[in-house]
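Heads up, the thing below is written out as structure tokens.
The values are calculated or read from the model by the stated rules, or taken from the named source; none is laboratory data. These numbers come from a predicted model, not from an experiment. Backbone-built Cβ (ideal geometry, glycine too); neighbour counts: all protein chains shown.
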Amino acid sequence: MKLIAYSPEHSKKVIKLFTDVFSDSEGQEEGQVIGQLVRELIATTDSNDLLGYVSISDGRIAACIFFSRLILPSGKIAFILSPVAVASLQQGKGLGQQLIKFGIQELRSHGVELVFTYGDPDFYSKIGFVKISEDVVKAPQKLTYPDGWLAQTLKNEAIATEVGLTKCVGALNKQEYW
């Protein structure tokens with residue numbers, strides 16, 4: 001297995017991966033929604049605001065993650081992890097955790113200070129994310145599942161309260177994803 005940075009040559013395969021994985025787990029309609037999110041992230045997000053990583057196994061993309069810029073009122077460098085997909089037949093083997101840890105190490109090397117995600121606290125706590133109150137850092141959209149708002153610091157310091165609104169990239173800035 002090889003962990004590498006996403007590149008535009010991966011686009012079609014990555015979009016198919018996300019569409020297939022979410023269709024398998026959440027139904028065809030959700031697969032199309034997430035596939036479209038990935039298509040839009042790739043097409044409309046400035047390359048400085050989007051970092052992706054893939055896991056290649058047996059010559060195929062087995063997993064992919066994207067981090068996109070999250071603008072904080074303080075100006076701290078932050079990204080949000082979303083979305084994440086691991087091929088259905090590869091799930092449960094720790095591949096997602098391994099790829100996310102790799103991605104976070106890459107973010108550190110880019111000077112990123114904070115990483116956020118919105119998802120299952122039980123899964124993401126295994127890789128260092130903790131629940132965060134919107135009293136500390138407000139999400140860019142209204143959360144339908146507040147317990148899923150998670151963060152981790154990459155600078156070994158406490159997460160300071162951010163006064164004001166946050167902003168995510170356009171592709172992710174739709175209520176349906178929150």
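From the list 65, 42, the lone residue that is touching a Phe, Trp or Tyr at 6+ places or on another chain (Cβ under 6 Å) and crowded, with 17+ Cβ neighbours inside 10 Å is 65. You will find that of 161, 153, 166, the residue that is of a type in the set (Val, Ile, Thr) and under 23 Å from residue 101 (Cβ atoms) is 153 and no other.
Residue by residue, here is whether (1) of a type in the set (Lys, Arg); (2) surrounded by fewer than 21 Cβ atoms within 10 Å (Cβ to Cβ) holds:
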| residue | (1), (2) |
| --- | --- |
| 71 | no, yes |
| 74 | no, yes |
| 79 | no, no |
| 119 | no, yes |
| 125 | no, yes |
| 135 | no, yes |
| 142 | yes, yes |
| 153 | no, yes |
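Screening 82, 55, 68 for residues that are touching a Lys or Arg at 6+ places or on another chain (Cβ under 9 Å), more than 20 Å from residue 157 (Cα to Cα), of a type in the set (Gly, Ala, Ser) and not in a helix (DSSP H, G or I) leaves exactly one candidate, 55. Cβ-Cβ contacts under 9 Å between residues 6 or more apart (or on different chains), taken from a first residue in the range 69-90 that is in contact (Cβ under 8 Å) with a residue 40 or more places away in the chain to a second residue that is among the charged types (D, E, K, R) and assigned to a helix (DSSP H, G or I), are listed as 69/49; 85/20; 87/20; 88/20; 88/24. Looking at the range 1-45, which of its residues are among the small types (Gly, Ala, Ser) and within 16 Å of residue 91 (Cα to Cα)? Correct list: 23, 25. Would you confirm whether or not the range 98-119 contains a residue that is under 25 Å from residue 147 (Cβ atoms), in contact (Cβ under 8 Å) with a residue 40 or more places away in the chain and among the acidic types (Asp, Glu)? Yes, the range 98-119 contains at least one residue that is under 25 Å from residue 147 (Cβ atoms), in contact (Cβ under 8 Å) with a residue 40 or more places away in the chain and among the acidic types (Asp, Glu).
Scanning the range 144-178 for residues that are part of a loop (DSSP other than H, G, I, E, B), among the acidic types (Asp, Glu) and either at positive phi or at pLDDT 95 or above (or both) turns up just one, 162. When the range 104-143 is filtered for residues that are closer than 15 Å to residue 178 by Cβ, in a loop (DSSP other than H, G, I, E, B) and not charged (D, E, K, R), the ones remaining, listed by number, are 119, 132, 137, 139, 140, 141, 143. Note on the range 93-112: residues that are closer than 15 Å to residue 55 by Cα and not polar (S, T, N, Q) total 11.
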